[in-house]
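Q: Have a look at this one before I ask anything.
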Amino acid sequence: MEDKKIVVAYDGSSYSAKALDMAASLAKTMSASVVLVSVADMTRRMNSDVGNIEMVEAVFRREGAHALELGKKHAAELGVLVADVLLEGSPADEILKYAQAENACMIVVGSRGRGGFQRLMLGSTAQSLVTYSTIPVLVVK
């Protein structure tokens, strides 16, 4: 029997916390494992005024690692053990690649994230996941 994995896109926002709540509940029902995935969004470095790219990238990695720590604490409060993975690149692309490589049964994402410019209906990462994923995507409001 194949291990069922639910991948949760987690950026530390209240929407990603709601996504984790839903994933934890589903995981218990489905006897699935939960993997928190945070992405150090290296596409943002192009918009940075800071000249030292390595320093900017290190900040993005720290932000991602911090989000994962928050997620693990929240999961512990929910009574769910989680694995965590920090990826680098474009959030939607990296989450999709990871979920496909891990044969995830589902991706759970908040309807919006921490991005500065928020779309009218869905955040850009959630929209991209829904549009391009071949794996079922659950968007949590």
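Q: Go ahead and set up a Gaussian network model of the chain, Cα springs under 10 Å, then flag whichever of ALA23, ALA76, ALA65 fluctuates most.
A: Taking springs between Cα atoms under 10 Å, the residue moving most is ALA76.
Q: Among GLY89, ALA24, ILE6, which residue has its Cα positioned farthest towards the positive end of the charge dipole of region 1-110, with +1 placed on the Cβ of Lys and Arg, -1 on the Cβ of Asp and Glu, and the dipole taken about the Cα centre?
A: ALA24
Q: Continuing with this model, one more query. Measuring with a 1.4 Å probe in the full set of protein chains, what accessible area per residue, in whole Å², belongs to the chain?
A: 56
Q: Oh, and also: Round to a whole angstrom and tell me the spacing of the C-alpha centers of region 1-43 and region 55-113.
A: Going from one Cα centre to the other spans 8 Å.
Q: Here's something else I'd like to know. Going by amide H atoms built from the backbone, whose H comes under 5 Å of the H on LEU138, apart from near neighbours?
A: ILE107, VAL108, VAL109
Q: Further question on the same structure: How far, in nm, would the chain grow between VAL59 and TYR132 when pulled straight, counting 0.36 nm per residue and subtracting the alpha carbon separation?
A: Result: 23.4 nm gained on full extension.
Q: Counting each DSSP H run of 4 or more residues in the chain as -39500 (n - 2.57), what helix-only mean residue ellipticity at 222 nm follows after dividing by all residues, to the nearest 500 deg cm²/dmol?
A: It lands at -15000 deg cm²/dmol.
Q: Here's a follow-up. Looking at the chain, do any whole DSSP H helices span at least 27 angstrom along their long axis by alpha carbon and average -0.5 or above on Kyte-Doolittle, and which?
A: Helix filter hits for the chain: 53-78.
Q: Let me ask something else. Might you report the magnitude of the Cβ-based charge dipole of the chain about its Cα centre, with Lys and Arg at +1 and Asp and Glu at -1, to the nearest 20 debye?
A: So the dipole magnitude of the chain works out to roughly 440 debye.
Q: Counting only protein heavy atoms and a 1.4 Å probe, tell me what percentage of the chain's accessible area is made up of carbon and sulfur.
A: Accessible surface attributable to carbon and sulfur in the chain totals 54 percent.
Q: log₁₀ I(q)/I(0) of the chain at q = 0.10, 0.12 Å⁻¹, via Debye over equal Cα point scatterers, no solvent, to two decimals?
A: Treating every Cα as an identical point scatterer, log10 I(q)/I(0) equals -0.31, -0.44.
Q: Give me the net charge of GLU77's neighbourhood, meaning all other residues with Cβ under 15 Å from the Cβ of GLU77; Lys, Arg count +1, Asp, Glu -1.
A: +2
The values are calculated or read from the model by the stated rules, or taken from the named source; none is laboratory data. Just so it is clear, the structure is predicted and the values come from calculations on it, not from any experiment. Methodologically, a virtual Cβ is constructed for each residue, glycine included, from the backbone with ideal geometry; neighbour enumeration extends over all protein chains shown. To get the accessible areas, we keep the full protein, side chains included, count just its heavy atoms, and leave off ligands, DNA and RNA. Shrake-Rupley method; radii C 1.70, N 1.55, O 1.52, S 1.80 Å.
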